[in-house]
């Protein structure tokens, strides 16, 4: 069996949006489709829909949490491999805090262990990838409080300015941020992608980076295929990222996928190709061990 620890999907939000259960066959990730992987650990995001106000996003989050906990989905706050599949909760776009930093306690108690600061545009937290805006005072306070509580900071979707400010703060506080789903700007010059200097900074801080399957971020959407995924992985490894490169596929959060991949089950093809291009050992690091080792070290067991 192939092991898998994926850093980002929008499946939980999609199940809630369409009133699906985890046994449906329409989402990229389902109980049946995930059976190719053992163990399988998934970071599942609850997305703050940009069409909603901050307060509406928070209300939607609360409903989503309630819905998820009624489903046949194993939730965990620690990367145990005893039950598979296992989901660890994240929130994508912290604007749902809407100025109320005390809401972080609600998120933590709900089981959220990863917080993606931005999605796009300018929020109460700071600037997204499509801006040059930095952190607000609330943004700084949120990072500090997350570090104190044990919530991992995710800088995917953040502006370069926010990234640099968060790097400095995390370095000063001894924290390790991540990019849950960010491809290489050197391979595909989409502004959402990660510049080499930022990737190297993540390595120096002990963080990890997940490779996204979003075609626009692989090759600007030009018939993206498995080869394009491997190019991003190869580049990150060339920068010293053999032990820090992971998958953050963004299943159920993208409108299309690379040729040859229709759902999570098809990742076995990517695993096979990675094993040929590098080695089975490196393929297993990227698919599972790098993410597992990071969360095993940086999440408090039993919290």
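Every number in this text was worked out from the coordinates using simple rules, so none of it is lab data. Keep in mind the model is a prediction, meaning the values are calculated, not measured. Every residue, glycine among them, receives a Cβ derived from its backbone with ideal geometry; neighbour counts consider all protein chains shown.
Residues in segment 249-270 that are touching a helix residue (DSSP H, G or I) at 6+ places or on another chain (Cβ under 7 Å), part of a helix (DSSP H, G or I) and surrounded by fewer than 21 Cβ atoms within 10 Å (Cβ to Cβ): 265, 268, 269. When segment 1-60 is limited to residues that are in a helix (DSSP H, G or I) and in contact with a strand residue (DSSP E or B) (Cβ under 7 Å, 6 or more places away or on another chain), the one that is farthest from residue 299 (Cα to Cα) turns out to be 36. Scanning segment 146-157 for residues that are closer than 17 Å to residue 178 by Cβ and either free of Cβ contacts under 8 Å to residues at least 12 places away in the same chain or touching a helix residue (DSSP H, G or I) at 6+ places or on another chain (Cβ under 7 Å) (or both) yields 146, 147, 149, 151, 152, 153, 155.
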